[in-house]
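Data block below; observations after.
The values are calculated or read from the model by the stated rules, or taken from the named source; none is laboratory data. Predicted model, so just to flag it, every value in this text is computed and none were measured. Neighbour counts run over all protein chains shown; Cβ positions are idealised from the backbone, glycine included.
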Amino acid sequence: MSTPLAPSRWYRLIPVVFITYSLAYLDRANFGFALAGGMAHDLNITAAMSSLLGSLFFLGYFFFQIPGALYAANKSARKLIFWSLILWGALAAATGMVNNVNVLIVIRFMLGVVESAVMPSMLIFLSRWFTKAERSRANTFLILGNPVTILWMSIVSGHLVGSLGWRWMFIIEGAPAIIWAFFWWYLIKDKVRDVNWLTEAQKDQLEEQLQAEQRDIKPVKNYAAAFKSRIVILLCLQYALWSIGVYGFVMWLPSIINEAPNMNIVTTGWLSAVPYVLAIAAMLAASYFSDKTLKRKEFVYPFLFVGAIAFYGSYLVGADHFWLSFVLLVIAGGAMYAPYGPFFAIITEVLPKNVAGGAIALINSFGALGSFAGAYLVGYLNGITGDFSISYIFMAGSLFLSAILTMVALKKQKTLIIKSSTESIG
């Protein structure tokens, strides 16, 4: 095996993409705290409207995934994310100034539109800087922005809502994205050749290895061929079902906890952070061993099964045993997050770069639909039943089917991934 490629990539790029994606999650996940902390009362938002508002973000997120990914792949991820940061920070802050539900509907939808290209653009960006043997870890450090942000955001948002109110929470938490946009622009370049912190020899070595990996992947003529391929179709369905569980959990966990006896919004914030501690540890472990063994699906479907079992366990335990149910929800949260790094490494390892960006965007689009369904239907089920038990069954079933689809979709990919990865790093 060759010596490590340009270790400076890890500390030059990974912290920047981590912070950028963290800010995206800050401005989408704090909505649940606003609803639990007085926004619903102040704006006369019904339970049905709460579900719609919580999920509208993902509807906007769905529609502009592919155009954004194509722009990032063919032109500039750097420029696209710069403007996205400014716009989503402004929209997030504007949420704290609304007095009309109709305006809030527009803002939630547009926030999804603006953020829609960030995830696929980041994955495309990382695939141009990190090799197969590194990609699961690189993806994981990106996606760690999700649980890490929700962890501290849960605590900070609880305190902000408790002390300043939900309006100031949105304004204070929206401003960092606008400021960070200028750091992003200064610190990031789209191409290996454009940076001055790698030697010419390091640039040559990295580009040569990335090109060699592309030669090991079976050619795909165009996006139409990629989108019709069996693995892309199955992964779209798989990710939609997986996202139902994730975002049903993320959006409504504060409300679930806040309904417990003798609970207040600050304690809700602290308890809401606990699942994401486990999620961080599980994500790091899964990505490390996935890259070390060069296996992917084995680090995806078992975790989804665990998440399904934990949700079902919460249903069986019931609301009368809050702490046991809470422990099971913590396990479900950690298990759902663990496979992200290996999962997104799969796509760039089985499809060539001329179509991988579009495929990532398509799969992420279906994830957005699943997120919309999870955020809306979990809230809807909670509203019509008056408790959370039916939504636990719904999320458990979604994760179970997602695990099955993972096994089916990647049944024939194990040999290809291991073979091509071994050849490229040998």
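Listed by first and then second residue, the pairs linking a residue in the range 301-324 that is within 12 Å of residue 404 (Cα to Cα) and touching a residue at least 60 places away in the same chain (Cβ under 8 Å) to a residue that is part of a helix (DSSP H, G or I) and of a type outside the set (A, V, I, L, M), with Cβ atoms under 6 Å apart and 6 or more places separating them unless they lie on different chains, are 301/406; 304/402; 308/400. One residue is enough: does the range 258-266 have a residue meeting the conditions assigned to a helix (DSSP H, G or I), under 21 Å from residue 158 (Cα atoms) and in contact with a Phe, Trp or Tyr (Cβ under 8 Å, 6 or more places away or on another chain)? Yes - at least one qualifying residue is present in the range 258-266.
The requirement of being part of a helix (DSSP H, G or I) and under 24 Å from residue 39 (Cα atoms) is not satisfied by residue 121. Quick one: would you say residue 80 is surrounded by 24 or more Cβ atoms within 10 Å (Cβ to Cβ), in contact (Cβ under 8 Å) with a residue 12 or more places away in the chain and assigned to a helix (DSSP H, G or I)? No. Residue 260 satisfies every condition listed in (1) in contact (Cβ under 8 Å) with a residue 60 or more places away in the chain; (2) buried (at least 17 other Cβ atoms within 10 Å of the Cβ) except (2). Screening 347, 363 for residues that are under 27 Å from residue 235 (Cβ atoms), buried (at least 18 other Cβ atoms within 10 Å of the Cβ) and at pLDDT 80 or above leaves exactly one candidate, 363.
Going through the range 38-50 one residue at a time, which ones are buried (at least 24 other Cβ atoms within 10 Å of the Cβ) and modelled with pLDDT under 80? Selection gives 50 alone.
Against the conditions (1) modelled with pLDDT of 75 or more; (2) assigned to a helix (DSSP H, G or I); (3) charged (D, E, K, R), residue 411 satisfies every one except (2).
Within the range 181-197, at least one residue is surrounded by 19 or more Cβ atoms within 10 Å (Cβ to Cβ), under 19 Å from residue 85 (Cα atoms) and aromatic (Phe, Trp, Tyr). Being assigned to a helix (DSSP H, G or I), closer than 29 Å to residue 274 by Cα and modelled with pLDDT of 85 or more is a condition met by no residue of the range 99-106. Would you confirm, using the coordinates I've provided, whether residue 335 is modelled with pLDDT of 85 or more, crowded, with 24+ Cβ neighbours inside 10 Å, under 18 Å from the mean Cα position of the chain (by Cα) and assigned to a helix (DSSP H, G or I)? When the stated conditions are applied, residue 335 passes them. Residue count for the range 291-305 satisfying the condition of being crowded, with 19+ Cβ neighbours inside 10 Å, modelled with pLDDT of 90 or more and in a helix (DSSP H, G or I): 4. Picking from residues in the range 373-388 that are at pLDDT below 80 and small (Gly, Ala, Ser), the one that is surrounded by the fewest Cβ atoms within 10 Å (Cβ to Cβ) is 386. Would you check which residues across the range 310-321 are crowded, with 17+ Cβ neighbours inside 10 Å and of a type outside the set (Gly, Ala, Ser) and list them? The answer is 311, 312, 315, 317. Taking the criterion of being closer than 29 Å to residue 264 by Cβ, of a type in the set (A, V, I, L, M) and part of a helix (DSSP H, G or I), the residues of the range 139-176 that qualify are 148, 150, 151, 153, 155, 156, 160, 161, 169, 171, 172, 175.
Considering every residue within the range 219-226, establish whether at least one is part of a helix (DSSP H, G or I), out of contact with any Lys or Arg (no Cβ under 7 Å at 6 or more places or on another chain) and surrounded by 15 or more Cβ atoms within 10 Å (Cβ to Cβ). Yes - at least one qualifying residue is present in the range 219-226.
With respect to residue 161, is the statement that it is more than 17 Å from residue 56 (Cα to Cα) and under 19 Å from the mean Cα position of the chain (by Cα) true? Criteria not met by residue 161. Within the range 312-326, the residues that satisfy the criterion of being at pLDDT below 90 and in a helix (DSSP H, G or I) are 314, 315, 316, 317, 322, 323, 324, 325, 326. Of the residues making up the range 273-318, those that are in contact with a Pro (Cβ under 9 Å, 6 or more places away or on another chain), hydroxyl-bearing (Ser, Thr, Tyr) and more than 30 Å from residue 386 (Cα to Cα) are 287, 290, 301.
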